[in-house]
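Below you'll find the structure, written out as structure tokens, and then a few comments.
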Amino acid sequence: MDTLDTACFVAWFEEAARLVRRDRDRLTELDAAIGDADHGTNLDRGLTEVIKALAESPPDTPVQVLTSAGATLIRRVGGASGPLYGSVFRQMGKALRAPVTLAGFSAAFEEGVVALERLGKAALGDKTMVDALAPASRALALAVRDGVGVREAFEQAARAAAEGAQATIPLQARKGRASYLGERSIGHEDPGAASAALFMAALATVAV
Ligand code: ADP
Ligand code: MG
């Protein structure tokens, strides 16, 4: 099977919620270093709400999963990351066509990342979640080009996101709260890039 069904998308958010819960304190500590120490709790609360909403109104399609998750994150996460993540998933939902192939997933994800960059006015290297998500999107596109299977493609995207998050350490933040620190933001991993890597790691575990 190389199409991704509704259950895959629900499983993606369930696994993301599990990983964020597991790493909540680490994410909050990263945010304590260069922000306001709320990223782990923000996202844990938001994803708990996402899972609750998906259980209360079970989605029939992958688009409904993304639309519901995006709307919940926008509404329920206090902090910049909620609307930013929400815009990724909402735009991805708008762009997705059934049945969802790897190529379709990749193209929709790319549109989600573009929406994020537009909303946050952030580019690669600004030390934000874009630094994990844009390389992941590129890795997916390359995997599609090379005819790689879904699982391997998602694993490559997860690796690219993890490397992208690590690569934020020596950068100076140019967007968000961390940018107020100027050069003092150097030497710390960006919390949003770290959580974005968890989203991509979650994706790699749900591939059929
Ligand atoms: P807040 O900064 O409002 O407390 P969070 O702590 O939940 O929100 O999220 C912080 C993360 O949001 C940052 O680590 C960064 O990755 C991301 N972020 C902040 N501003 C932007 C932006 N303009 N564009 C992209 N990502 C951003
Ligand atoms: Mg914060």
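The values are calculated or read from the model by the stated rules, or taken from the named source; none is laboratory data. What you see is a predicted model; the values in this text were computed from it and never measured. Note that we place each Cβ from the backbone using ideal geometry, even for glycine, and neighbour counts take in every protein chain shown. The accessibility values were calculated without ligands, DNA or RNA, using every heavy atom of the protein model including side chains. Shrake-Rupley method; radii C 1.70, N 1.55, O 1.52, S 1.80 Å.
Amide H neighbours of residue 100 under 5 Å, at least 5 residues apart or on other chains, H built in the peptide plane: list them.
The list, which skips near neighbours in sequence, is 4.
In a solvent-free Debye calculation with one equal scatterer on each Cα, what is log10 I(q)/I(0) for the range 113-208 at q = 0.24 Å⁻¹, listed in the order of the q values?
With one equal scatterer per Cα and no solvent, log10 I(q)/I(0) is -1.11.
Just the number please: accessible area per residue for the range 6-206, 1.4 Å probe, all protein chains included, in Å².
44 Å²
Work out, step by step, the length gained on full extension between residue 36 and residue 57: first 0.36 nm times the residue separation, then minus their alpha carbon distance; give nm to one decimal.
Net length gain for the segment: 4.2 nm.
Over the residues of the range 1-158, compute the C-alpha Rg and express it relative to 2.2 N^0.38 Å.
1.01
Angle between the Cα long axis of helix 24-34 and the longest principal axis of the chain, 0 to 90 degrees, nearest 10?
So the helix axis and the longest Cα principal axis differ by about 40 degrees.
At 222 nm, what value in deg cm²/dmol follows for the chain if DSSP H runs of at least 4 each add -39500 (n - 2.57) and the sum is divided by all its residues, to the nearest 500?
Rounded to the nearest 500, the figure is -23000 deg cm²/dmol.
Helix 130-145 versus the longest principal axis of the chain: what is the Cα-based angle in degrees, 0 to 90, to the nearest 10?
That works out to roughly 30 degrees.
Taking a virtual spin label 7 Å from the Cα of residue 184 along the C-beta vector, which residues in the range 5-46 bring their backbone nitrogen under 14 Å of it?
32-37
Could you check how much of the accessible area of the range 6-206 is carbon and sulfur, as a whole percent, using a 1.4 Å probe?
The computed percentage sits at 53.
Which residues does the label zone of residue 71 cover in the range 95-128, counting backbone N under 20 Å from a point 7 Å along Cα→Cβ?
Flagged as within label range: 95-98, 112, 116.
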